[in-house]
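Each remark here refers to the structure printed beneath this line.
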Amino acid sequence: MKIVDAFRQGVSLVDQNRKAICVIYLVNLCVAAIFATPLFILFHKQVGALTVRDELAFKFNYAWWSSFSFSAKGLEETMRPTLSGGFAPLFDNLELLLSGKFASFGWFVFALGLGYVFLAAFFNGGAIALFADERKTFTTGRFFSNAGLYFHHLAALATTALVLFWLFYKLLNPAIFAVVDGIVGDSLSQPLAWFVNLGGYLILFVLVFLITMIFDYAKVIVISEKKESSWLCIWLAVKFIFGNFGKTVGLNALLLLIGVAVVLVSGLVLTLLQPTQIFLLALVFLIQQLVILAHIALRLTFYASETVLYQQQSAAAAPVKKRKR
Amino acid sequence: MNKVIYLLFLSLFLSAAEHAAAQQSPKVVSYKIDVKLSPEKKTVEGVETLTWTNAGATPTGELFFHLYLNAFKNSQSTFMLEAAQRPDGPSFYESVKNDGWGYCEVVSVVAASPGNFKETPLTPVYVQPDDDNAHDQTVMKLVLPKSVAPGESVVLNIEFISKLPHKGPRTGYHQNYFFVAQWLPKIGVWMDGEWNCHQFHANSEFFADYGEYDVSVTVPMEYVVGASGVLADSTAGDGQKTLRFRQDNIHDFAWTAWPNYKTAVRTFEHPDLPTVKMRLLYMPEHQKYVDAFFDATANTLKHFGLWYVAYPYPQITSVDAVWRSNSCGMEYPTLFTTCVDWLTPKGKQQPLGLTIHECGHQFFYGLIGTNEFENAWMDEGFTTYATSRCLFAAYGEGANTKIYLARQGFGIPFTLKNVPRDPRDWIVDNHRGRGALDFMDRFSWDYVNRYAYRNNAYEKPALMLWTLENYLGDAVFNKIMKTYAERNVFKHPKPQDFIDIVNEFAPQNMDWFFEKMLHQPGVVDVAVTKVVSTPAAALQGYTGHGDEMELIKAEEKKKDDDEVFESQVHVRRLGAISLPVELLVTFENGETIEKQWDGEAAYKIFYFSGK
């Protein structure tokens with residue numbers, strides 16, 4: 001099976017299950033609202049009667065933030081200047097991914113992030129089961145039923161992935177940069193150091209990409225094959241990926257590129273669109289919601305395309321049964 | 001008579017700048033030094049001939065010298081012991097171990113005083129005036145055969161070897177790069193009947209008398225050299241070259257040598273200021289920043305020159321210090337070091353800010369020679385204040401920036417164009433977290449830690465000056481700063497000298513202000529914590545008295561047009577230091593009311609009533 005075919009069929013599957021995007025979006029919105037409400041109340045209490053309020057609605061005020069952030073705790077710590085940029089959140093996330101400093105906003109926010117990982121595991125189970133099912137059509141009942149049915153598997157995989165990433169950041173990251181520092185040595189040239197470090201980060205990025213891919217396929221296999229052991233599926237995923245290396249990596253690279261394109265386009269639009277009036281503010285909000293929808297759709301396309309590729313390649317590799325006479 | 005008129009006219013046409021340029025410092029010291037750099041041994045060896053004149057009011061039979069490089073002689077020096085407590089202490093140990101240590105070894109000293117005593121060999125003795133740490137050899141005492149009376153001079157011939165530390169702070173070597181500062185046996189300051197010659201501390205800089213430096217350095221031919229002063233002469237031969245630099249009216253001398261430096265020269269010109277040759281030594285990879293380095297230097301010479309006092313020397317040398325050399329961001333008379341990352345975010349205003357700051361020290365340190373050991377805030381704080389002022393005047397606001405994935409020279413620079421940043425923001429940010437650590441008016445090594453030093457030397461005094469400017473108004477404050485600068489060129493002013501000038505021009509005595517700012521730890525921070533505006537409550541209860549007393553159960557609600565609102569604004573003092581505060585309240589109908597608060601209490605509620 002060609003990479004492009006897997007991608008096309010993946011897109012088609014997601015298209016057939018558009019309601020899944022809506023369900024996941026609504027859940028995201030509700031979760032965000034739960035945490036945004038206390039923040040809103042706090043901001044209102046802080047600046048509701050101050051003249052800086054009107055400015056804050058349209059523009060980040062550094063002086064105010066400096067004072068606010070000094071005593072910020074918990075969720076308040078996530079308020080930062082980079083939130084106001086079109087591209088900065090992308091870099092924020094890239095930095096978190098490669099450095100592993102997920103607790104930099106405090107343990108409360110870190111715990112919320114962990115909770116979200118398991119919430120995502122629940123919905124991923126529902127989505128992958130839809131794509132793996134021969135009927136391939138969305139019903140709310142089936143979606144939630146499958147999400148519940150496979151949750152223990154996906155939660156186990158998520159836990160394993162977290163442990164693996166912890167080891168990755170604790171051991172592999174320092175080891176790679178020890179090598180980088182050894183190469184740079186006592187050089188007086190910052191450009192040399194810059195490019196060697198970039199190499200280190202690229203290696204880390206490739207490893208994160210591979211680990212993520214392995215766990216994606218492990219999820220697909222545990223649901224498609226209805227396996228009992230999640231850990232066995234990690235091994236099967238590794239075997240599948242390296243058995244079909246060009247296609248699996250090619251497909252995920254294609255999806256990643258599309259993701260980067262989406263982020264770049266949305267970043268550019270949000271950078272150019274600096275709201276000065278309330279309707280522009282509303283427009284920015286709408287665009288941001290569309291971007292979130294696009295992210296969800298893209299994530300589902302990852303799973304759908306991976307499921308298609310796995311099923312097709314597995315079928316092609318399966319021994320042909322002899323016809324009974 | 002004609003001559004008098006001519007002189008009068010000459011005087012009228014001489015600009016303030018030329019007056020400053022013509023001004024001479026008291027020539028307390030005269031150094032003639034001849035040294036040779038050995039890149040292999042990382043040493044500078046040579047002979048120093050120092051003529052020291054007793055400019056004090058009392059005689060002295062002893063001379064005290066700084067041997068700053070001995071701070072890096074061993075792990076038990078006062079500097080190293082204090083540095084070990086600093087956040088960057090351990091990394092510093094990494095760079096000096098494996099023979100990265102440094103020292104200044106005095107091989108011999110011979111003294112003579114014309115008309116007083118003949119040439120006499122002297123024996124150096126190490127003393128520790130600050131902490132009695134016997135391992136510290138950063139201060140040397142010489143006992144003279146006879147006292148030197150006020151106005152008399154003594155000539156000393158000192159043979160010395162200085163071994164430079166590996167990536168030492170402000171001075172040292174990094175491979176074949178050399179930044180040679182605090183490298184010579186340097187005499188202390190004889191003032192108020194005693195030697196002001198402190199040991200070298202981790203949180204302190206320097207203090208010295210003005211005079212003349214005539215320094216010849218011999219280096220391998222391929223080395224590019226930058227130094228304080230002006231190149232007076234050069235000779236070459238046998239694969240080596242000797243460069244002679246001279247400068248009067250300075251109190252320190254630093255130089256640098258590296259084969260890979262690129263150099264550029266431009267001229268600073270301004271109708272009201274003296275022309276200055278600007279020489280830049282920079283890393284080849286920083287070619288794209290050359291314009292910025294020059295522009296920031298020129299803006300400093302212009303703004304500081306117009307606001308305070310003109311730069312009187314013919315040349316200024318800026319050095320783009322080599323990456324990871326630890327010599328970036330330092331000031332020496334007529335020479336300063338700056339630096340920049342290979343990639344830096346556009347909105348960060350670098351290397352502009354750092355260049356302005358270090359070049360700005362030519363004024364608050366170079367020309368106005370405050371004691372950096374004892375009053376660090378008078379050079380760092382004044383320069384930090386003036387830097388933000390100059391940066392804003394020349395370049396306006398910067399933008400918020402971030403370096404992503406920053407480590408060991410790497411980083412993805414990013415500018416948040418839509419989040420502007422005032423050049424003062426970083427000062428406020430740092431001060432907010434460190435303000436309570438200590439108070440300002442202390443010796444720099446007495447602060448509780450490095451952060452307290454940073455806050456009290458840089459951030460708090462800068463904010464104090466901004467506050468004073470806002471409180472007194474631009475016109476008065478600018479006059480104060482200009483007067484302070486002009487009166488103290490080539491002098492060693494103390495805090496009271498500045499306070500006296502403030503009191504001279506301020507409409508009220510400001511001692512109360514300085515008492516709080518210099519002697520109280522804490523920040524000045526006031527917040528509006530609550531604003532409430534509600535319709536006035538209906539009148540209930542008894543009114544009148546005697547027979548006319550009447551019980552009112554509830555007033556009828558008045559028409560909307562007549563409705564009276566009662567408003568409260570709660571203002572709370574968050575910081576420990578109280579200063580007067582102005583409050584501007586704007587009502588929905590556009591009416592504004594201005595209120596004053598002395599800021600003494602923890603909080604105050606302002607009440608307003610109106611339609």
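Note on the range B:487-608: the C-alpha convex hull projects to 13.5 nm² when averaged across all orientations. Summed over qualifying helices (DSSP H, 4 residues or more, each -39500 (n - 2.57)) and divided by its residue number, chain A shows a 222 nm mean residue ellipticity of -27000 deg cm²/dmol. Annotation for the range B:470-542 versus the range A:1-35: alpha-carbon center distance of 60 Å.
Database remark: amide H of residue B:245 closer than 5 angstrom to the amide H of B:215, B:216, B:217, B:232 (H placed geometrically; neighbours at sequence offset of 5 or more, or on other chains; Pro and chain starts carry no H). For the pair residue B:107 and residue B:134, label points projected 7 Å from Cα toward Cβ lie 2.9 nm apart.
So, R0 is 51 Å and r is the distance between the beta-carbons of residue B:441 and residue A:178; what FRET efficiency does that work out to, to 0.05? For residue B:441 and residue A:178, the calculated efficiency is 0.65. Placing a pseudo-label 7 Å from each Cα along the Cα-to-Cβ vector at residue A:64 and residue A:29 gives an inter-label distance of 2.7 nm. Think of it as helices only: each DSSP H run of n ≥ 4 in chain B is worth -39500 (n - 2.57), and spread over all residues that comes to -6500 deg cm²/dmol at 222 nm. Residue-wise HN-Hα couplings along the range B:168-174, as the Karplus relation 6.51 cos²θ - 1.76 cosθ + 1.60 with θ = phi - 60° gives them from phi, are x, x, 6, 8, x, 10, 9 Hz; Gly and Pro carry x.
If I take R0 = 25 Å and measure r between the Cβ atoms of residue B:417 and residue B:582 in this structure, what FRET efficiency does the formula 1/(1 + (r/R0)^6) give, to the nearest 0.05? E between residue B:417 and residue B:582, to the nearest 0.05, is 0.15. Applying a 4.7 Å Cβ-Cβ cutoff to chain B leaves B:104, B:197, B:359, B:390 as cysteine residues with no disulfide-compatible partner. Beta bridges from DSSP with both residues in the protein assembly as shown: antiparallel share about 85 percent, rounded to the nearest 5.
Ranked by how many other Cβ atoms sit within 10 Å of their own Cβ, fewest first, the residues B:222, B:358 fall in the order B:222, B:358. Which of rounded, prolate or oblate describes the range A:3-313 when judged by the alpha-carbon gyration tensor and an a/c cut-off of 1.5? Oblate shape, in that a/c is at least 1.5 and b/c is the bigger or equal ratio. Taking the Cα atoms of the range B:23-217, the ratio Rg/Rh between the radius of gyration and the Kirkwood radius comes to 0.98. Between residue A:262 and residue A:283, full extension at 0.36 nm per residue minus the direct alpha carbon distance yields a gain of 5.8 nm. Note on the range B:127-272: antiparallel DSSP beta bridges, both residues inside, total approximately 95 percent of the bridges counted. Gain on full extension, evaluated as 0.36 nm per residue between residue A:269 and residue A:103 minus their Cα-Cα distance, stands at 56.7 nm. A cut-off under 10 angstrom between Cβ atoms defines the neighbours of residue B:234, and their net charge, with Lys, Arg +1 and Asp, Glu -1, is +1. Each Lys or Arg adds one and each Asp or Glu subtracts one; over the other residues with Cβ under 15 Å from the Cβ of residue B:224, this totals +1. Summarised as an ellipsoid, the protein assembly as shown has semi-axes of 62, 43, 24 Å, derived from the eigenvalues of the Cα gyration tensor scaled by 5 and square-rooted, with the largest first. Cross-link check: pairs B:27/B:118; A:170/A:227; A:59/B:604; A:101/B:97; B:553/B:604; B:530/B:553 evaluated at a Cα-Cα cut-off of 24 Å; pairs beyond the cut-off: A:170/A:227; A:59/B:604; A:101/B:97; B:553/B:604; B:530/B:553. Suppose a student asked you for the relative contact order of chain B, using Cα pairs under 8 Å spaced at least 6 residues apart; what percent would you report? Contact order relative to length: 11 percent. Counting Lys and Arg as +1 and Asp and Glu as -1, what is the net charge of the other residues whose Cβ lies under 15 Å from the Cβ of residue A:140? Combined, the nearby Lys, Arg, Asp and Glu give +3. Ranked by how many other Cβ atoms sit within 10 Å of their own Cβ, fewest first, the residues B:233, B:130, B:446 fall in the order B:233, B:446, B:130.
Here the 3J(HN,Hα) profile of the range A:76-90, calculated from phi with Karplus coefficients 6.51, -1.76 and 1.60 at θ = phi - 60°, is 4, 5, 6, 6, 8, x, 5, 5, 8, x, x, 9, 4, x, 4 Hz, Gly and Pro shown as x.
As a proxy for reagent exposure, ranking B:210, B:93 by other Cβ atoms within 10 Å from fewest up yields B:93, B:210. The mean number of Cβ atoms from other chains found within 10 Å of a Cβ in peptide B:411-420 is 6, as a whole number. In order along the range B:308-318, the Karplus-derived 3J(HN,Hα) couplings, from 6.51 cos²θ - 1.76 cosθ + 1.60 at θ = phi - 60°, round to 10, 7, 6, 6, x, 8, x, 9, 10, 10, 10 Hz, and Gly and Pro are given as x.
Readers should treat all values here as calculations from the given coordinates under stated rules, not as data from a laboratory. These numbers come from a predicted model, not from an experiment. FYI the Cβ positions are ideal-geometry reconstructions off the backbone, even for glycines, and counts take in every protein chain you see.
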